[in-house]
Ligand SMILES: Cc1ncc(COP(=O)(O)O)c(C=O)c1O
């Protein structure tokens, strides 16, 4: 591209920039790529390589990159009203329009919306709301939130405490006490044993009931779950799981929180994962697809009952961010929702590209390394195994999914890795040909991982392999 420009960027990045979720030594030793442009489903790096973004950024660029309409809407808003807050008896048209539009697409009875800058802040806000609600109802001991192993709910002190990916905790002495307790989530491939997915779905849901009985319903304020797990490995719930969770939450007067940060805005073939799985949430966190990543905006959906209590009896709600309902981010989100609606991207995921993607991904099941392919809509994971019949996992140090991810990145595809799983979440605009390319690259990467494992095996003459 620009001669030594890449080298200069990399040098200054290493010198001054602290990266999220990155190992500094690895960045220094393995380097990184400078992403400079993007269009449709493709990224371009500073060396002019094109990379198919099989993750839509971080599960967020639902409408794809390079939408001029969004840039135009943003420019208009910046000229008209670049900023004003919604504290102290003021409001702005974009936030009113956005809350109104959200009330049309979220499941009933979610009709009230509070805005944040990130999904983590949305979940923090939810923790405060749960406490506020039960305090107002005079049930001050209902505070613990039941969350799930492998859950990802964010990185702030409180939302990381909700998260069930335990490697997020020790560096900062988390979880904070009194926030959450964790139960098994519906991970049939690893925990289902001899049960059918439907039988296991009931069993996994009953872990919530057992936890409520153990702690006492008077001490449990809420249950939180992602409709389909995201970063924890895209575990798709059996059909029996969420209906049973609905029943348990109602029976014990426990609020149900759907973390829709990944599943929201079309990814599972409905506007929200709650609609795909029949979840009846009292509170919802959403982010990412709300603006397709074009602006940092997220928020909380609140049921009529909770909002009614707060508004009528709560007095001043002592909570809010400087940028809650920022006019620029709201204008961008509104334009994004307009595009999703106009192009019927939700219907496309449900009826056309989603089934095609799942069908093509499913072909990977024949690969000797693949134990399971699971997914819904444009969300999928491939779980790699050392032995297909027994589902035996690789030793942790084998790092097979990470290795596959590195091969993919070097060969023009972004996918993600956690444990022995690779994960996929492409833009909702991806074409069939692009899905074919994605699956082809993944398959070739698994061939390479397999060849490498075989060449590394004791007694193998590795010199014989290229
Ligand atoms: C399900 C879920 N909840 C919450 C978050 C946190 O969102 P943010 O990174 O915007 O703070 C994420 C981020 O990936 C997520 O996947």
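Restricting attention to the stretch 384-397, does a residue exist that is under 21 Å from residue 235 (Cα atoms) and assigned to a helix (DSSP H, G or I)? Yes, the stretch 384-397 contains at least one residue that is under 21 Å from residue 235 (Cα atoms) and assigned to a helix (DSSP H, G or I).
Based on what the data block shows, is residue 21 surrounded by 12 or more Cβ atoms within 10 Å (Cβ to Cβ) and within 16 Å of the ligand (Cβ to nearest atom)? So residue 21 fails the test. Does residue 301 satisfy the condition of being within 14 Å of the ligand (Cβ to nearest atom), touching a residue at least 40 places away in the same chain (Cβ under 8 Å) and in contact with a helix residue (DSSP H, G or I) (Cβ under 8 Å, 6 or more places away or on another chain)? Judged against the criteria, residue 301 is a match.
The residues in the stretch 321-357 that are within 30 Å of residue 440 (Cβ to Cβ) and not in a helix (DSSP H, G or I) can be counted, and the count is 3.
Would you call residue 224 within 12 Å of the ligand (Cβ to nearest atom), buried (at least 24 other Cβ atoms within 10 Å of the Cβ), in contact (Cβ under 8 Å) with a residue 24 or more places away in the chain and within 30 Å of residue 137 (Cα to Cα)? For residue 224, the condition - within 12 Å of the ligand (Cβ to nearest atom), buried (at least 24 other Cβ atoms within 10 Å of the Cβ), in contact (Cβ under 8 Å) with a residue 24 or more places away in the chain and within 30 Å of residue 137 (Cα to Cα) - is met.
Scanning the stretch 416-452 for residues that are farther than 21 Å from residue 349 by Cα, touching a residue at least 60 places away in the same chain (Cβ under 8 Å) and part of a strand (DSSP E or B) yields 418, 421.
Could you tell me whether the stretch 62-80 includes any residue that is buried (at least 18 other Cβ atoms within 10 Å of the Cβ), closer than 30 Å to residue 438 by Cβ, within 16 Å of the ligand (Cβ to nearest atom) and at pLDDT 95 or above? The answer is yes, given that some residue of the stretch 62-80 is buried (at least 18 other Cβ atoms within 10 Å of the Cβ), closer than 30 Å to residue 438 by Cβ, within 16 Å of the ligand (Cβ to nearest atom) and at pLDDT 95 or above. Restricting the stretch 251-280 to residues that are within 10 Å of the ligand (Cβ to nearest atom) and part of a loop (DSSP other than H, G, I, E, B) leaves a set whose member that is nearest to residue 301 (Cα to Cα) is 260. What pairs can you find where one residue is in the stretch 95-117 and within 14 Å of residue 264 (Cα to Cα), the other is within 16 Å of the ligand (Cβ to nearest atom) and part of a helix (DSSP H, G or I), and their Cβ atoms are less than 6 Å apart, with a gap of 6+ or different chains? Sorted first by the residue in the stretch 95-117, then by its partner, the pairs are 107/274. Put simply, of 266, 273, 289, 278 the only residue that is buried (at least 18 other Cβ atoms within 10 Å of the Cβ), touching a helix residue (DSSP H, G or I) at 6+ places or on another chain (Cβ under 7 Å) and at pLDDT 95 or above is 266. Applying the selection to the stretch 237-250, what residues are surrounded by fewer than 24 Cβ atoms within 10 Å (Cβ to Cβ) and assigned to a loop (DSSP other than H, G, I, E, B)? The answer is 238, 239, 240. Being within 13 Å of the ligand (Cβ to nearest atom), touching a helix residue (DSSP H, G or I) at 6+ places or on another chain (Cβ under 7 Å) and in a helix (DSSP H, G or I) is the filter here, so list the residues in the stretch 120-172 that pass it. Passing the criteria: 120, 123, 124, 127, 158, 159, 160, 162, 168. Scanning the stretch 309-324 for any residue that is away from the ligand (no atom under 16 Å from the Cβ), touching a residue at least 60 places away in the same chain (Cβ under 8 Å), at positive phi and surrounded by fewer than 23 Cβ atoms within 10 Å (Cβ to Cβ) turns up at least one such residue.
Take the residues in the stretch 83-102 that are surrounded by 15 or more Cβ atoms within 10 Å (Cβ to Cβ) and in a helix (DSSP H, G or I), then tell me which one is farthest from the ligand (Cβ to nearest atom). This residue is 97.
The values are calculated or read from the model by the stated rules, or taken from the named source; none is laboratory data. A quick note: this is a predicted structure, and the numbers were derived from the prediction, not measured. No Cβ is skipped: glycine too gets one built from the backbone with ideal geometry, and neighbour counts run over all protein chains shown.
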